[in-house]
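Read the structure below first, then the notes.
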């Protein structure tokens, strides 16, 4: 169905983003995490500034996140996704089938990328898991005495980059309250890291940052969801292009 928010997203696209000069590629699965702190008068969200040398969105403020990796599907968790979240996350729109394992892997990808890019661990203090932990970032995650906990994640939005863009992602946007941060590591951000700065930006001043258009749309969805009670059972919007027009459906 058409929606004013989808129309606003289309209007926010820059002239470069509207061009279709690149070969078409299949979008890659990706996951992003919005950490929201609601303890103050005005909620704040954690944003990172991308390195200026990046070819993709240089200098933009984004949520931590990235592509799913094979190790994410093998990582044990302290607690699974809420059933309503898992159902919508695993839904394959074209076939009508669900894939719970894929949904869990996407949620874990969001937590792993957040850990790698910001040093923030979302999870529960726990002893070493009985199941093997994949080598790499997850080993470092668990070495801090934390296990990933998916039960507090909210599925805020899904968005697929339109065809013929320089990079395409099938991105799932998650959100979690900052009170579920188990640990924050220092000295993760620097002049040569993927994110060169981290800020806790008040939602009422978010327009002051240089944001990608889809990030603005998702932040609007976050505010609407918070106003509706921030429940796990709330529908998740799905932004995608159809016949060269942005469309907003609900999962």
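FYI, it's all coordinate maths here, none of it is from the lab. Just so it is clear, the structure is predicted and the values come from calculations on it, not from any experiment. We place every Cβ from the backbone using ideal geometry, glycine too, and count neighbours over all the protein chains shown.
Kindly rank 109-115, 42-48 from highest to lowest mean number of other beta carbons found within 10 Å of each residue.
Result, highest mean first: 109-115, 42-48.
Would you mind giving the average projected area, over all directions, of the Cα convex hull of the range 93-196 in nm² with one decimal? The orientation-averaged projected area of the Cα hull of the range 93-196 comes to 8.9 nm². Three principal axis extents describe the C-alpha atoms of the range 174-251; from largest down they are 44, 31, 22 Å.
Residue ranges 128-136, 203-211 sort as 203-211, 128-136 when ordered by packing (mean number of other C-beta atoms within 10 Å per residue, highest first). One Cα centroid belongs to the range 119-170, the other to the range 217-251; the line between them spans 22 Å.
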